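Some notes on the structure that comes next.
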């Protein structure tokens, strides 16, 4: 008899296992987060990840409307010698510096998204693409030359976005964070530290989480990449003796507060690290649930590094 697979979407919160609830991973009492509502509006942490885009759009619309009355507005232009294309608006609060190298706006005459740069923020030499959504840069945040940011994206206060960062949209970053690498459809809580080249997709990362140099997430199974997008099967997660259908084929990692992933390590799709879970360098972390308060180590001498098996091409 086939095992019953429970669809996560639509479950009442009391029926969602603890391993898939946000409160298992993030302590919002100890570490308040401005965007906690993203997690409160759904019953599971996976639902929050899938809701980043919709939440970001609504938050940007509300916040930028509030900021507009007290900021200097520029339409389809930017200070300095930036190359500009399409329809967009720039809102500059007192003390903000905004001199990008390129701004790409909407190609539609009736669509115009805004870039809002808060007090004391500094942006010089970065590239912005607001064709599909706005961008908010928080107070005191620095975006270095060579960074690329697509909307919708929200960046908190006193955060450092380093040269080479590529924020691909549907991104929420908290306060006092450090960012480089490529980030897509992710929420990173305050003091998240992802300062090196890496990839982070379809993920949620808690307070003071960290990726070492070249650590990365896989957010799509290696064999799923051989299947047409509309034929990919949703990810499944097994916990509490039951199997749950997450609803979508993509997910990176959920990192609880203070979790760390060492240099050159990789997480499989649908990896869940509870608070204070530490992965050493060169770990391949298989999908599943780890922690809390656990250390993961690679043991190549004892167990070997490569297992070889035949692959049959599907007909």
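The values are calculated or read from the model by the stated rules, or taken from the named source; none is laboratory data. Since the model is a prediction, treat every value here as computed from it, not as a measurement. Using ideal geometry, Cβ is built from the backbone for each residue, glycine included, and neighbour counts are taken over all protein chains shown.
For segment 257-301, a tally of residues being part of a loop (DSSP other than H, G, I, E, B) and either surrounded by fewer than 18 Cβ atoms within 10 Å (Cβ to Cβ) or out of contact with any helix residue (DSSP H, G or I) (no Cβ under 7 Å at 6 or more places or on another chain) (or both) returns 24.
Where residues in segment 161-184 are over 17 Å from residue 213 (Cα atoms) and surrounded by 24 or more Cβ atoms within 10 Å (Cβ to Cβ), which of them is farthest from the chain's Cα centre (by Cα)? Step by step, filter segment 161-184, then rank; the result is 174.
With the structure loaded, tell me whether residue 158 is touching a residue at least 60 places away in the same chain (Cβ under 8 Å), surrounded by fewer than 24 Cβ atoms within 10 Å (Cβ to Cβ), assigned to a loop (DSSP other than H, G, I, E, B) and out of contact with any strand residue (DSSP E or B) (no Cβ under 7 Å at 6 or more places or on another chain) or whether it fails that test. Considered against the rule, which asks whether it is touching a residue at least 60 places away in the same chain (Cβ under 8 Å), surrounded by fewer than 24 Cβ atoms within 10 Å (Cβ to Cβ), assigned to a loop (DSSP other than H, G, I, E, B) and out of contact with any strand residue (DSSP E or B) (no Cβ under 7 Å at 6 or more places or on another chain), residue 158 comes out as no. Filtered by the rule that a residue be within 22 Å of residue 138 (Cβ to Cβ) and either touching a helix residue (DSSP H, G or I) at 6+ places or on another chain (Cβ under 8 Å) or outside any loop (DSSP other than H, G, I, E, B) (or both), segment 70-89 gives 70, 72, 73, 74, 88, 89.
Each residue in segment 96-120 was checked for being at pLDDT 95 or above and either surrounded by fewer than 14 Cβ atoms within 10 Å (Cβ to Cβ) or in a strand (DSSP E or B) (or both), and 12 of them qualify. Given the conditions (1) closer than 23 Å to residue 132 by Cβ; (2) part of a loop (DSSP other than H, G, I, E, B); (3) at pLDDT below 95, which single one is not true for residue 2? Failed condition: (1).
All told, residue 190 falls short of being part of a strand (DSSP E or B), under 13 Å from the mean Cα position of the chain (by Cα) and in contact (Cβ under 8 Å) with a residue 12 or more places away in the chain. Taking the criterion of being part of a strand (DSSP E or B) and within 18 Å of residue 294 (Cα to Cα), the residues of segment 245-256 that qualify are 253, 254, 255.
The set of residues from segment 229-238 being in a strand (DSSP E or B) and in contact with a strand residue (DSSP E or B) (Cβ under 6 Å, 6 or more places away or on another chain) comprises 236, 237.
Report whether or not residue 221 is surrounded by fewer than 18 Cβ atoms within 10 Å (Cβ to Cβ) and at pLDDT below 95. So residue 221 does not fit the description; no. Within segment 198-218, the set of residues being more than 14 Å from the chain's Cα centre (by Cα) and either buried (at least 24 other Cβ atoms within 10 Å of the Cβ) or modelled with pLDDT under 95 (or both) comprises just one member, 215.
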